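Heads up: the structure comes next, in C-alpha cells.
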Amino acid sequence: MIKGLFVKKKKYATIPTGKVKQDVPEGIMSKCPECKHIMVTKELKKNLLVCQGCQYHYSMSSQERIASLIDEGTFTEYDTEMISKNPLDFPDYLEKLEGDRKKTKINEAVVTGEGKLDGLDVTIAVMDSRFRMGSMGSVVGEKITRAIEKAIETEKPFIIFTASGGARMQEGVLSLMQMAKTSVALKKLSEKGLLFISVMTHPTTGGVSASFASVGDYNFAEPKALIGFAGRRIIEQTIRQELPDDFQTAEFLLKHGQLDGVIHRSDMKKTLGTLLKIHSEGRR
Amino acid sequence: MAAELEFERPIHELEKKIAELKSFMEEKEIDLTDEIQNLEEKLSRLENSTYSEMKPWDRVQIARHAERPTTLDYIKYLFTDFIELHGDRLFGDDEAIVGGVAFYKDLPVTVIGHQRGKDTKENLRRNFGMPHPEGYRKALRLMKQAEKFNRPIICFIDTKGAYPGKAAEERGQSEAIARNLVEMAGLTVPVICIVIGEGGSGGALALGVGNYVHMLENSTYSVISPEGAAAILWKDASQAKKAAESMRITAPDLKELGIIDEIIEEVKGGAHKDPKRQSEEIDAVLESSLNHLLTMSEDELIEQRYEKYKKIGQFGFVNDSIVVK
C-alpha cells in the first residue's frame, strides 16, 4: 500500500511500559519497585518476597503467607466455599467477584483455617489484598467470626494477618456491621483467656484497622506497611497541610505507641512461635 | 423559620399562597373562604404525599438539618438531673461526644452521645460532632463506670464520622474505635443505641454496639457518606443523591437488612419541627426496650448482643448456583 511507504519502520524492539509497579513478581527476573534492585524471582520467593537490596516487603498472597508460617502439611482450611452475594444489587459487583476468584484462586478476601506453627496449634486468618483490595464484606466478616468461634471451641490461639482497604463499599452498611460482628466474637475469645495476635501487613486501613486489626493482645506489623484509619488524601484535604512521608507507616505507628513491634518477615515465624510457646507454657 | 429543604418547596409555596389569600380577604373584605378551604385541603394532601413518600436523599437532608435536635436536646427532654462528665483521663476532653449520669424516670442511667453544634461557634468547639480518639475513650470510660455501678447505658448516635486528621491518627483513632466495639460487646448492663441524625461509619458504630439499635425514621446509617460513595463510584461527589439511593442508608433500609430493631416514627416533616413531641416518641420506645432488657441477666445481655451481631450479613456457597446477572 502507498501508505505503508511513509510509515517509518521501528528500528528497535520496544519494551512495554504500560505495566508499572507490578507488585507480585511473575517473570524470571523481578525488579524491586523501591530500589530497582533486580533479583531472580525464584530467589526472591525463597527470600519470602523480601528484596535483598532494600528489604522492601512485597505483598504476599494468602497462600504464600500460610506456606511461610504454617508447618508443612498441617493446614486445614475452613469455609472454602463461602462466597459473597450482592445484597445491595450493586452493578457489576458479582462480575468483579468472579474475576477476582479466577485471578486469585480463592473465593474471598480472607483465608481461614487451622494448623501448626512450630509444632503448636493455631487458628489463623489471612487476608488477601489481591481480592477486592482485601475489603471486608459479609463473607470476610463471617469467615473471621467463624474462625474465632472455632478457636474458642478448640481453645486455640487466634492469629490474624490483615491486608485490607477497609469495609467493602458494595455491601454498604452490612460491611460496616462486620466490624461489630468480629468484635463481639473477639470479646468472647478474650473472656476465655485465649490468645489473639494481630499482624498488620500492607495495607491495613479503614474499617479493618478500626476493628480486629487493632485489638490484639499483641499488635505487630510488617516494615513500611501502610496502616491507618482515614485515607491520606482525605486527611490532607481536611487539615490542609502536608503530612510527613512516614505518616501512617508501621514505623509511624510504632513511634506513636500503637504497636508492640515491627517485625521483619524473616523473623515472623520465629517471633510468633516464641509467643505461642510462652503462652502455652503459661497455661499449664 | 427553618432553612428550606428542596423537597419541601412546593409545600412552602402553597402555604405562602394561602397566607396571601387570607390577608387579601381581610384587606378587601371579599369572601374567599371556599378557595382557601380548597387550598388547605390540597396542602394537607400534598403534605401527606410528600412526607409519606420521602426519598433517601430527602431523609439525608432532614438528618443533616441544622435545627435537628441533638443529643443534648433529647437529654433535656428525656432525663432529669443530668450531670455531664468530662475527659478520657489520658489526653483531653473531646466535646464532639458528651456523656454523663442522669435519671431516666426513676432509674439511674449513663447517657452518651455524639454532639454537633447548633451554630458555627459551637461547631468549631465540638468539631462538627466528629470525634477524636479521646472522645471514644471518654465514652468507654463512662460505659465502664456504668457497668461498675450497674446502670443501663443509652447512646445517641449522630456523627458524620470519626475525624480524619493527623492528630487523630497519631493518637490511635483506629484503636479507640476498635476498643469500643470489643468492650461494648462485653458490657454486663443493658445498652440501647439510638441513631438520631447521621450514623457515619466506624465513628458512629463506636457508640453503636448495643442490645437494641433503633433509628429515627429520617436518620441515616452508612459505611460511607453519599458524597464519599459517589466520589469513589462515579468520581463525582455531586452524584450523592444517586449514591444515597443505591447505598441503602435509611432507617427502612436498615430494618429490612436486619440491622436495626425499631424505626422510631418522626413528627411530620422531621424531628426539628417539634423536638418535644419527638422526644415522646423516643421515650415510648426507650421505655419498652429498657423494661425488656432489665429482666435479663448479665450473661443473657452479653449473649443477646452476640447473637444480634452474629447474624448480620448475607452470604452464599459455591454450590448454591448463584446466577451472575
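The values are calculated or read from the model by the stated rules, or taken from the named source; none is laboratory data. Quantities reported herein were computed from a predicted structural model and do not represent experimental measurements. Because the Cβ atoms are built from the backbone with ideal geometry, glycine has one as well, and the counts that use them run over all protein chains shown. When the accessible area is computed, the model is the full protein with side chains, heavy atoms only, and any ligands, DNA or RNA have been set aside. Shrake-Rupley method; radii C 1.70, N 1.55, O 1.52, S 1.80 Å.
For the reader, a short list of remarks on this structure follows.
- Net charge over other residues, Cβ less than 15 angstrom from the Cβ of A:GLN52 (K, R count +1; D, E count -1): +4
- Net charge of Cβ neighbours under 12 Å - reference A:PRO244; Lys, Arg +1; Asp, Glu -1: -4
- In the stretch B:173-211, burial by the other protein chains removes 50 Å² or more of 1.4 Å probe accessible surface, compared with the chain on its own, from B:SER174, B:LEU181, B:VAL182, B:LEU205.
- For chymotrypsin sites (Phe, Trp or Tyr not before Pro), the sites in the stretch B:97-153 that DSSP calls loop and that have at most 16 other Cβ atoms within 10 Å are B:PHE149.
- At q = 0.09, 0.11, 0.13 Å⁻¹, base-10 log of I(q)/I(0) for chain B (Debye sum, equal scatterers on each alpha carbon): -0.52, -0.74, -0.98
- Taking the helices alone, chain A has a mean residue ellipticity at 222 nm of -11000 deg cm²/dmol, built from -39,500 (n - 2.57) per DSSP H run of at least 4 residues and averaged over all its residues.
- Net charge of the neighbourhood of B:ALA204, taken over other residues with C-beta under 11 Å away and scored Lys/Arg +1, Asp/Glu -1, is -1.
- Mean per-residue shielding of peptide A:126-139 is 1, counting Cβ atoms of other chains within 10 Å of each Cβ.
- Chain B, helix-only ellipticity at 222 nm - DSSP H runs n ≥ 4, -39,500 (n - 2.57), divided by all residues, nearest 500: -14500 deg cm²/dmol
- For the stretch B:18-133, the percent of C-alpha pairs falling in each 10 Å distance bin, counted from 0 to the bin holding the largest distance, reads 12, 24, 21, 18, 15, 8, 2, 0.
- Percent carbon-and-sulfur accessible area, the stretch B:248-292, ignoring ligands, DNA and RNA, probe 1.4 Å: 42
- Loss of accessible area when B meets A, both sides summed, Å² nearest 100, probe 1.4 Å: 5000
- With Cα atoms defining each centre, the stretch A:220-281 and the stretch B:100-142 are spaced 30 Å apart in the structure.
- Cross-link partners of B:LYS22 among lysines (Cα-Cα below 23 Å; sequence separation of 8 or more within a chain): B:LYS42
- For peptide B:248-257, the mean count of partner chain Cβ atoms within 10 Å of a residue's Cβ comes to 2.
- Bridge orientation summary for the protein assembly as shown: considering DSSP beta bridges with both residues in this region, about 45 percent are antiparallel.
- Atom-type composition of the exposed protein surface of the stretch A:173-284 places 49 percent of the accessible area on carbon and sulfur (1.4 angstrom probe).
- Annotation: aspartates and glutamates with alpha-carbon distance below 15 angstrom to A:LYS150 (same-chain offsets under eight excluded): A:GLU77, A:ASP79, A:GLU114, A:ASP121, A:GLU142, A:GLU191.
- Cα gyration tensor category, rounded, prolate or oblate, for the stretch B:234-316 with a/c compared to 1.5: oblate
- Normalised by residue number, the volume inside the convex hull of the Cα atoms of the protein assembly as shown is 238 Å³ per residue.
- Taken residue by residue and averaged, Cβ atoms of other chains lying within 10 Å of the Cβ of A:212-218 number 4.
- Partner lysines for A:LYS42 [C-alpha distance under 18 Å; skip if fewer than 8 residues away on the same chain]: A:LYS31
- Which of B:ILE192, B:TYR136, A:PRO157, positive extreme of dipole for the protein assembly as shown (C-beta unit charges): A:PRO157
- The stretch B:54-186, accessible area per residue, ligands and nucleic acids excluded (1.4 Å, Å²): 37
- Over 29 Å apart at the Cα level, from the set B:LYS55/B:LYS118; A:LYS156/B:LYS166; A:LYS181/B:LYS144, are A:LYS156/B:LYS166.
- The share of C-alpha pairs in the stretch A:226-268 whose separation exceeds 14 Å stands at 55 percent.
- For chain B, the longest principal axis of the alpha carbon atoms and the long axis of helix B:298-310 meet at an angle near 60°.
- Angle between chain B longest axis and helix B:173-185 axis [Cα atoms, degrees, rounded to 10]: 80
- The stretch B:18-35 versus the stretch B:270-325: alpha-carbon centroid distance in Å: 51
- Minimum 30 Å² accessible area buried by the other protein chains, the stretch A:75-113 residues, probe 1.4 Å, relative to alone: A:GLU81, A:MET82, A:ILE83, A:LYS85, A:PRO87, A:LEU88, A:PHE90, A:LEU94, A:GLU95
- Checked against a 24 Å cut-off, the cross-linked pairs B:LYS17/B:LYS273; A:LYS36/A:LYS224; A:LYS224/A:LYS269; A:LYS46/A:LYS270; A:LYS45/A:LYS102; A:LYS192/B:LYS160 give Cα-Cα distances beyond that limit for A:LYS192/B:LYS160.
- The value of relative contact order for the stretch A:162-284, using C-alpha pairs under 8 Å at least six residues apart, is 22 percent.
- Here the Debye sum runs over all C-alpha atoms of chain A as equal scatterers in vacuum, and log10 of I(q)/I(0) at q = 0.07, 0.12 Å⁻¹ comes out as -0.29, -0.79.
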